[in-house]
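Trainee: Here it is, the structure, as structure tokens.
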Amino acid sequence: MNNIVWKIKTFDELTVTELYAVIKARIDVFVVEQNCPYPDLDGYDQKAVHLWAEEDGEVLANCRIFDKGIKYNEASIGRVLTTEKARGKNLGRQLIAYAVQTIENRFRTFEIRISAQDYLLRFYGDFGFEDTGKKYLEDDIPHTEMLRK
């Protein structure tokens, strides 16, 4: 795990190979591992900044970052994942730290709203996200809306 490269690109900057690797990681984690058929290709990739860690072309951790007014009034982070083989190496923490930094630098805002799977509430809490009390099922998985100010 020492040849890890971090990349950040808009949709139009992604190569076909990178896009394939990103989508493969999302399907592997969200559809296959979490046994959840859901519409991953939702039309938002084109509006996102994509942030990921890769090693030898394989995506290990990934998320999408949105400016204000796309998913929420605030900036947001979504499709956050660490692949099975990459877990336990703090890549998820690095990913969120980089995502927050990117939002602050690119979009000039500190307010970030996310939809977190409930088992990750404490994880996101470590980054200053607070439970808004808005809870719901998304694809049969309990989620909570969280806000960082």
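The values are calculated or read from the model by the stated rules, or taken from the named source; none is laboratory data. Here the structure is a predicted model, which is why all the values come from computation and not from measurement. Cβ sites come from the backbone with ideal geometry, for glycine too, and all protein chains shown count toward neighbours.
So that you can scan it fast, the table gives a plain yes or no per residue for (1) under 19 Å from N105 (Cβ atoms); (2) touching a helix residue (DSSP H, G or I) at 6+ places or on another chain (Cβ under 9 Å):
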position	(1), (2)
V5	no, no
E13	yes, no
E18	no, no
V29	no, yes
D42	no, no
D45	no, yes
A48	yes, yes
L51	yes, yes
G57	no, yes
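Trainee: Right, next: Which pairs do you get when a residue that is over 12 Å from Q34 (Cβ atoms), found in the range 136-149, comes within reach of a residue that is assigned to a loop (DSSP other than H, G, I, E, B) and not acidic (D, E), reach meaning Cβ atoms under 6 angstrom, with the pair 6+ apart or on two chains?
Mentor: M146/F129; R148/G128; R148/F129
Trainee: Within the range 13-32, which residues are in contact with a His (Cβ under 9 Å, 6 or more places away or on another chain), surrounded by 14 or more Cβ atoms within 10 Å (Cβ to Cβ) and charged (D, E, K, R)?
Mentor: E18, the sole residue that qualifies.
Trainee: Any residue at all in the range 40-50 that is in a helix (DSSP H, G or I), closer than 24 Å to P142 by Cβ and not aromatic (F, W, Y)?
Mentor: No, there is no match, as no residue in the range 40-50 is in a helix (DSSP H, G or I), closer than 24 Å to P142 by Cβ and not aromatic (F, W, Y).
Trainee: Here's another thing I want to ask about it. Please find, among N35, N73, the residue that is among the polar types (S, T, N, Q), at pLDDT 95 or above and either crowded, with 19+ Cβ neighbours inside 10 Å or in a loop (DSSP other than H, G, I, E, B) (or both).
Mentor: Criteria check complete, one pass: N73.
Trainee: Just give me the residues in the range 96-149 being more than 21 Å from K7 (Cβ to Cβ), in contact with a Ser or Thr (Cβ under 8 Å, 6 or more places away or on another chain) and outside any strand (DSSP E or B), in sequence order.
Mentor: Result: D118, L121.
Trainee: If you don't mind, another one. Taking the conditions exactly as written (in contact with a strand residue (DSSP E or B) (Cβ under 9 Å, 6 or more places away or on another chain) and over 16 Å from M146 (Cβ atoms)), does I112 satisfy them or not?
Mentor: It is false that I112 is in contact with a strand residue (DSSP E or B) (Cβ under 9 Å, 6 or more places away or on another chain) and over 16 Å from M146 (Cβ atoms).
Trainee: Working only within the range 1-12, note down all residues that are over 18 Å from I103 (Cα atoms) and surrounded by 11 or more Cβ atoms within 10 Å (Cβ to Cβ).
Mentor: I4, V5
Trainee: Another one. Checking A86 against (1) under 21 Å from T15 (Cα atoms); (2) buried (at least 18 other Cβ atoms within 10 Å of the Cβ); (3) not aromatic (F, W, Y), which single condition isn't satisfied?
Mentor: So A86 meets the others, but not (1).
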